[in-house]
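Structure record follows, encoded as structure tokens.
Read the figures in this text as sums done on the coordinates, not as results from a lab. Just so it is clear, the structure is predicted and the values come from calculations on it, not from any experiment. Here the Cβ is made from the backbone with ideal geometry for all residues, glycine too, and neighbour counts use every protein chain on show.
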Amino acid sequence: AAKERERDSLGNQISLAEDELVEDVDVNALAREIDRLKGFIDGAGYQRLYSYHEVLFPTQLGPINFVPRLGGGVLYYSEIENSAGSDSLDRGIFHAGFDLSTKWTKEFDDLQAPKLGLDGLRHIVQPYMNYSYVHADEIGEGRLDPRIDGGITSTKPRPIDVPLFSSIDSIEPWNIVRVGVRHTLQTRRDEKNLREKKTYSWLTFDTYLDSYIDDPEFDRDFSNVHNYISWRPVPWFKLEVDSQFPIDDNPENFSELNTDVSWTPHDRLNLSFSHALLQDHPVFVDSSRFSFSSFLRLSENWGFSTSHSFEAEEGELESQSYRVHRDLTSWMGSLGAVHINNVGAEDEIGFVLA
């Protein structure tokens, strides 16, 4: 009898607890959360109308080029499936900003270095600044999950001009100043069928960073310092270096160094080498990837190419491919094989017909 009374008492306590739990639950919030999870499982679907218009007014302020921009647009979503809310949504977008730039040049006509492809030299220095302010209405949590044109994690900086921002479902308010300086070294080159020599960009060096008044992604004050170098001293050799390094201790900062070299030692052979180094990225794992590709022209109509990619962090040859190419005058045909080493999963072997 004592055990029965104890059992009845526990049952009453459980019933009371269940009643209190039901009373405390926000049924609408629970329904929104269920719809949000369904969206992730089944995928979001909706109709979208996007219209954006912008006015620019390029003007000259002495030696300074000044281009103010003013734009506005609207995003309208209808028939939203698996939405945590109504099946329609509209967003307003307002954008204001400007570009500032100037240019200084210095010429060295007597500089001659034929082995480096130099016939005179012109140095152009272009400091610039791009300011961009965007206000966009909030979508609300779970309304468009997952977003079809959502932001994809990348090591590259986002465009801060709205017409160039393609992830339109992920437009968030931002307030950003991008400042930089571009150096260009130009020389003269002879061109076939031209009586006069043509200006040729021998070296380009661009450095810039973003200062965040309102960061749309993370809580940063400054971005990494970005550096891009392109050096093409002769037509058969090219070097490109794209790098970025942090200047503060923000945990979202990381280091990246990408190097690409293209060399044509013979008119029948082209070799390309690249190395991609990534360290301390908040999403991507550390990587040190070496890639090598080659193209050999066997005859006027036939060619053979190879491609290899090696991940040093894993010590694995990630991919390799071999292809035969045929020039069909109006078409180019390729036939080959590819092997992909999926670390932790089954390897892939495929055939390529293009």
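Points to keep in mind about this one:
- Annotation: extensible slack from ILE148 through ASN28 equals 40.7 nm (criterion: 0.36 nm per residue apart, minus Cα-Cα distance).
- Label-reachable residues, region 339-354, where backbone N falls under 20 Å from a point 7 Å from GLU314's Cα toward its Cβ: 339-351
- Furthest towards positive pole of dipole, LEU144, VAL181, HIS53, structure part the chain, Cβ charges: VAL181
- A Förster radius of 22 Å, combined with the Cβ-Cβ distance separating SER274 from PHE351, puts the computed FRET efficiency at roughly 0.30.
- Computed helical MRE - 222 nm, the chain, DSSP H runs ≥ 4 contributing -39500 (n - 2.57), nearest 500: -4000 deg cm²/dmol
- FRET E, pair LEU328, ASP190, Förster distance 30 Å, beta-carbon r, rounded to 0.05: 0.35
- Estimated inter-spin distance, GLN112 and ASP286, nm [label 7 Å along Cα→Cβ]: 5.2
- SER86-ASP248 FRET efficiency (beta carbon distance; Förster radius 45 Å; 0.05 resolution): 0.60
- Counting only Cβ charges, +1 for Lys and Arg and -1 for Asp and Glu, the dipole size of region 201-338 around its Cα centre is about 1440 debye.
- With N counted as the residues of region 197-327, its alpha-carbon radius of gyration over 2.2 N^0.38 Å works out to 1.36.
- Flagged links, alpha-carbon separation over 28 Å, of LYS106/LYS198; LYS106/LYS156; LYS156/LYS197; LYS115/LYS156: LYS106/LYS156; LYS156/LYS197; LYS115/LYS156
- Angle in degrees between helix 2-24 and the longest Cα principal axis of the chain, rounded to the nearest 10: 50
- Counting only Cβ charges, +1 for Lys and Arg and -1 for Asp and Glu, the dipole size of region 292-354 around its Cα centre is about 580 debye.
- Rough spin-label spacing in nm, given labels placed 7 Å along Cα→Cβ, for HIS123 and SER166: 3.8
- Each Lys and Arg contributes +1 and each Asp and Glu -1, all at the Cβ; summed about the Cα centre of the chain, the dipole is approximately 2860 debye.
- Among the listed options (1) -0.99, -1.26, -1.39; (2) -1.25, -1.36, -1.36; (3) -0.81, -1.16, -1.37, the one matching log10 I(q)/I(0) by the Debye sum over Cα atoms at q = 0.12, 0.14, 0.15 Å⁻¹ as calculated from these coordinates is (2).
- Cα lying deepest toward the dipole's positive end in region 225-281, options HIS281, PRO235, ASN250, charges on Cβ: PRO235
- Ordering 114-124, 323-333 by mean Cβ neighbour count within 10 Å, with the highest value first, yields 114-124, 323-333.
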